[in-house]
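The values are calculated or read from the model by the stated rules, or taken from the named source; none is laboratory data. Remember, predicted model here, so these are calculated numbers, not experimental data. Using ideal geometry, Cβ is built from the backbone for each residue, glycine included, and neighbour counts are taken over all protein chains shown.
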Amino acid sequence: MSFVPYALAVWIFLVGLYGIVTSRNLIHITVCVTVCQSATYVLLLAIGYRTKGTAPVFADIPTEGRRVVDPIVQSLTLTDIVVSVAVAALLLSFALKAFEHHRSLDPAEMELKG
Amino acid sequence: MSRQLRTGLFLVSALGLGALLVWGLVGLHSFGNYPGPYGDLISSLTKPQRHTANAVTAVVFDYRGFDTLGEELILFVSAGATAMLLRETREYDVSDIVDPVRSDATRAFGALAAIVLFVLGLNVVAHGALTPGGGFQGGVVLAAAFLTVFLAVEYHAFHRLAPAWFSEPLESVGVGSYLVYGLVALAIGGSYLENVLPYGTWGRLTSSGSIVLLSWASGLAVCGGFLVIFGEFAQENMAARHRRSK
Amino acid sequence: MIPLQVVAIAFTALGALAVVLARDIVRQAILFSIYGFSLVALFLVFQAPDVALSSLVVGGAAYPLVLVGAIARVRAMQKRDAE
Amino acid sequence: MNVVVPLVVTLPLLAAIVIVLVGKFLPNRPSTVMALLGAATPVVLAAVLLSRVTSSLYTYWFGDWRPRSGSYPLGIAFAVDRIGAGLALFALALLLAALLYSWKYIEESHYLYLALMLCFGGALAGFALTGDLFNLFVFFELMSVAAFALTAYKIEEPSPLQGAFNFAVSNTIGAFLVVFGLALLYGRTGSLNLAEIGKRLTEDGRHDGLVVTAFVLITCGFLVKAAMVPFHFWLADAHATAPAPVCVLFSGVMVEMGIYAVARVYWVVFDGVLGEFQHPIRDLLIGVGCVTAIIGAVMCGMQRHIKRLLAYSTIAHAGCFLIGIALLTPDGLAGTSLYVLSHGLAKGALFLAGGILLATKGGIDELLLFGRGRDLHGAKVAWFVAALALASPPFLGTFTGHALIDDGASALGLWWLPAVVAAATVGSTAAILRAGARVFLGIGDREDPLLSENPSESPPPHEEPNIRWLQAVTLLLAFAGLAVGAWTGLAANAQEAAHQFTDGLAYTNTVLDHAPTLAVPAEHWRTTAESIVWSLVTLFGSAALAVGSLYRDRLPRSVTDRIGGVLHPLRAAHSGQIGDYIAWLTFGVAVIGGLFAFTVR
């Protein structure tokens, strides 16, 4: 059972990739990329978790002798979330511009050959 | 590649990738037994070293504050580029936009919600060193407060409250003050982004030295950045309405 | 693992699948905000309130609004082309 | 030193922010001057930095989180060695050249464009200097996001932004692979500092699935940026869409950053724990490099869109860079670093010459531009000088880099490897010469049955661009690329730097315990007769193949049809479909991971 949270990260990542590979819509792909990225949040937080641990915020309670979860992975995840929004906003504006040009969001209908 | 071939190739490869990932992940400690030591050291040090109650905020703005500078810059670049791209071919004026009719109750509720969100956002930024929250979360809430005006009150009010000439400099000033604080620390002989301010009393809004300052800087940057992005996409949205009304 | 974690994990796993399989972008946007909330719940039971708060503001407000803006624009252009 | 290190990275970023803040209210010139200053000052600082780290690695701790001896690193460190500092200097210098060119190229040198370029440059410098795995990811993303935005920057044509979209999705997925890998390493070692991770992995000694998977994921993630087959598809799309001065940075230094990161992470983090698997790692990476070099060269020969042609030539050369690194010896690394230097300058000149064609002739298609470049004397000279530099002529251009890699390969008994490198060079250089001959000299057939059909860009020519200025910058880069090979002292420097770079233990000790690195004495490299032979082979081979490919139309139809049929599947694989690209990416990671797992087991 203790592997399940890690497996969740793998699952989300692969499902997101599947979405990108099979998608016919640039906006749909953007959301799938964000889903992929959420796999990395899950993995990071799962790694830093500690059973019966509390959040690393010491407002009122005494700090000594408490089990706390890892604050590092949480700060990494915060950065990761900002990155995901920034990338998603860019991808969506690319998708809109591509739509203006091709009048379609389906990548298969856009010419770009090697 | 045909669609079937592509999906087939992917599914077979995904099986391999999945197996690889699982093979790697079984080498980790079992869930719930984080072994440390980085996080534990930080958890035990933030209070004595920095008088900060929220270890995550201490990591974000002090121990690993340089990462956060990069993060703010990523948002800065993304917002600037989004604005550049979406404005390029926009062929109408803001004054052409017609707001949909909303009931007075909705508008009053929207205005109230916006004010509440605004205060909440300021609160979240200010208390970053004490409770969950900080510059990023508060900044997004602040931007959402403005956006509530757009959603529930009217587009023109939103446009007047958060025009591009306000949100763009707001963002630059936020990111800029984060970066310049680092240079100030450098100029007075410290290391880049070193926490050279007095740490204050634990549990106060002004405790933790530069953590509070940087939290506010990133709050401004994030609020400005999201306002730019929201503003552009809201205008895209309104462009739809504008065309229909003609 | 505590039961709450199991529930949150199950919801997130299903949510991700549902988001990806929704081929209509409007439906996908709706499912995506639901998925965002399941992530918030997951982060809360992982004892990460800071991340949960960010995820809430991003997944609950910022991201869907940007998405809806983009979709509305596409719809409008399609409609204009059709006329 | 304490001041120099952070300034190298933060000054371009600061200039970018200031330009965004005030650029809207100013005419173009002040913004441009500010941008040039924001790029030139860090160039000087990076040169100072490079001159100061000759004897030992310099560690800079942000926020003054320097660990006291034996304690744990809490903050983020920059660990600056000669290769890192040299790469940062090179990136910033190319940025400066690109900005100088843009000054007259991008008519209304838009302030957002300048800011994006500066952010890109700052991110490249930070990426080259950092010694922290997560910080490496942050700079990777900052570099990527700026690059995506620059790709979409529209001046060339009403461009299909699908190129930018494909680029963004591929590289973002690559970044996720890196995050997965770093999460695994963090779970095992509890650290994000490269030196600390390496130390703990070595002490732990286990080389189980976790370590192998982390290695494969991080390597593949960076190889996406390095445009290795089968992760390379985005590169040509991005180059076709991006403005010419931006392509200079993409081809000249961004792709190389991916390879640099693979090398850095291998030597600092994995060399200790995976040391006994040096052979399979070498074989695997050399295999990837060879396939990339050959496919890049073949695809290069089939392009008529000049920017795509140059992009595939970059893929061919990047394959050779990886081969140099993959030898896992200091000599190979030294060869790659010299090669990168000369290639970046020469390829930059070629893209700038392409930009001149776009600006003055309103096209970028080899056959449509037939003979129309005759009057562009500066661009013409620059084109052929740069092509010469890439052909590895004796003692000029990429020669020393090639020779070091070849000798390194021969020393390991890989006698066939120089032939692969030469073949890739011949193939890609011949295509460059062929296109140059058609466009600038007007010789050869006007039809070519083997070239891909491409939707051609046909933007209106710019209104009176300052051709003289553009050609001057282009010539400068071209001659620099050729001359850099003649600078004999550089080889010895590169060798010393490579010895320093590959000594992971010394790196770890310096970062964590401030023990000074001992300069590793290197037996200095000398030109061998074999190098001269290979050099002449590539030089004359390129010329001969170029002449041959100018007249492909005269071959019997049945022969060209046969060749076209053989090449068709390869061409079809480069479909422009992001779904295909991601399927191939998954395939690549699965195959590389599977092969490696199989050999380690």
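Only a single criterion out of (1) free of Cβ contacts under 8 Å to residues at least 40 places away in the same chain; (2) buried (at least 23 other Cβ atoms within 10 Å of the Cβ); (3) over 30 Å from B:Ser43 (Cβ atoms) is not satisfied by D:Phe90, namely (1).
Residues in segment B:185-229 that are among the small types (Gly, Ala, Ser), within 12 Å of chain D (Cβ to nearest Cβ) and surrounded by fewer than 23 Cβ atoms within 10 Å (Cβ to Cβ): 6 in all. The C-beta contact set for segment B:13-41 (first residue closer than 15 Å to D:Leu217 by Cα, second residue part of a helix (DSSP H, G or I) and among the hydroxyl-bearing types (Ser, Thr, Tyr), distance under 6 angstrom, 6+ apart or interchain) comprises B:Ser13/D:Thr586; B:Ala14/D:Thr586; B:Leu17/D:Thr586; B:Leu20/D:Thr213; B:Trp23/D:Thr213; B:Gly24/D:Thr213; B:Leu25/A:Tyr6.
If you take the residues in segment B:152-184 that are at pLDDT below 90 and aliphatic (A, V, I, L, M), which one is surrounded by the most Cβ atoms within 10 Å (Cβ to Cβ)? Among them, the one singled out is B:Ala162. If you check D:Gly296 against the conditions, is it buried (at least 24 other Cβ atoms within 10 Å of the Cβ) and assigned to a helix (DSSP H, G or I)? Yes: the conditions hold for D:Gly296. Name the single residue that is nearest to the other protein chains (Cβ to nearest Cβ) among those in segment D:16-54 being surrounded by fewer than 18 Cβ atoms within 10 Å (Cβ to Cβ) and among the polar types (S, T, N, Q). Checking each candidate, the answer is D:Thr41.
Scanning segment C:23-68 for residues that are more than 9 Å from every other protein chain (Cβ to nearest Cβ) and hydroxyl-bearing (Ser, Thr, Tyr), we see that the one that is nearest to B:Phe233 (Cα to Cα) is C:Ser33.
When B:Ser208, B:Ser191, B:Ser172 are screened for being among the small types (Gly, Ala, Ser), part of a loop (DSSP other than H, G, I, E, B) and touching a residue at least 60 places away in the same chain (Cβ under 8 Å), only B:Ser208 passes. When segment D:31-64 is filtered for residues that are modelled with pLDDT under 85 and touching a Lys or Arg at 6+ places or on another chain (Cβ under 9 Å), only D:Thr54 remains. Search segment A:22-46 for residues being within 14 Å of the chain's Cα centre (by Cα) and in contact (Cβ under 8 Å) with a residue 60 or more places away in the chain, and hand back the single one that is surrounded by the most Cβ atoms within 10 Å (Cβ to Cβ). Here the residue is A:Thr30. Out of D:Leu13, D:Leu57, one residue alone is away from chain B (no Cβ under 13 Å) and touching a residue at least 24 places away in the same chain (Cβ under 8 Å). It is D:Leu57. Every listed requirement among (1) in a helix (DSSP H, G or I); (2) within 7 Å of another protein chain (Cβ to nearest Cβ) is met by A:Ser2 save one, (1). Taken as a whole, the condition of being within 12 Å of another protein chain (Cβ to nearest Cβ), buried (at least 24 other Cβ atoms within 10 Å of the Cβ), more than 17 Å from D:Leu13 (Cβ to Cβ) and out of contact with any Asp or Glu (no Cβ under 7 Å at 6 or more places or on another chain) does not apply to D:Val80. Checking D:Asp406, D:Asp365 one by one, the residue that is in contact (Cβ under 8 Å) with a residue 40 or more places away in the chain and surrounded by 24 or more Cβ atoms within 10 Å (Cβ to Cβ) is D:Asp406 and no other.
Matching residues to (1) surrounded by fewer than 24 Cβ atoms within 10 Å (Cβ to Cβ); (2) closer than 30 Å to D:Gly275 by Cβ; (3) more than 10 Å from every other protein chain (Cβ to nearest Cβ); (4) not aliphatic (A, V, I, L, M):
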{"site": "D:His110", "(1), (2), (3), (4)": "yes, no, no, yes"}
{"site": "D:Cys119", "(1), (2), (3), (4)": "no, no, no, yes"}
{"site": "D:Gly126", "(1), (2), (3), (4)": "no, yes, no, yes"}
{"site": "D:Phe140", "(1), (2), (3), (4)": "no, yes, no, yes"}
{"site": "D:Gln162", "(1), (2), (3), (4)": "no, no, no, yes"}
{"site": "D:Ala168", "(1), (2), (3), (4)": "no, no, no, no"}
{"site": "D:Ala183", "(1), (2), (3), (4)": "no, yes, no, no"}
{"site": "D:Leu210", "(1), (2), (3), (4)": "yes, yes, no, no"}
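Of the helices (runs of 4 or more DSSP H) lying entirely inside chain C, those carrying at least 1 residues that are surrounded by 23 or more Cβ atoms within 10 Å (Cβ to Cβ), touching a helix residue (DSSP H, G or I) at 6+ places or on another chain (Cβ under 9 Å) and among the charged types (D, E, K, R) are C:49-57, C:63-82. Close Cβ contacts (under 7 Å, 6 or more residues apart or on different chains) running from residues in segment A:1-21 that are closer than 30 Å to A:Asp106 by Cα to residues that are assigned to a loop (DSSP other than H, G, I, E, B) and among the charged types (D, E, K, R) are absent. Going through (1) closer than 17 Å to D:Trp534 by Cα; (2) surrounded by fewer than 24 Cβ atoms within 10 Å (Cβ to Cβ) one by one, D:Val421 falls short only on (2).
Any residue in segment A:47-55 that is crowded, with 24+ Cβ neighbours inside 10 Å and facing another protein chain (nearest Cβ under 7 Å)?
Kept after step one, since they are crowded, with 24+ Cβ neighbours inside 10 Å, are these residues of segment A:47-55: A:47-48.
Filter once more, so that each one left must be facing another protein chain (nearest Cβ under 7 Å): A:47-48.
Looking for residues that are crowded, with 24+ Cβ neighbours inside 10 Å and facing another protein chain (nearest Cβ under 7 Å), one finds at least one in segment A:47-55, hence yes.
Take the conditions (1) under 19 Å from B:Leu86 (Cβ atoms); (2) modelled with pLDDT of 90 or more; A:Leu78 misses just one of them, which is (1).
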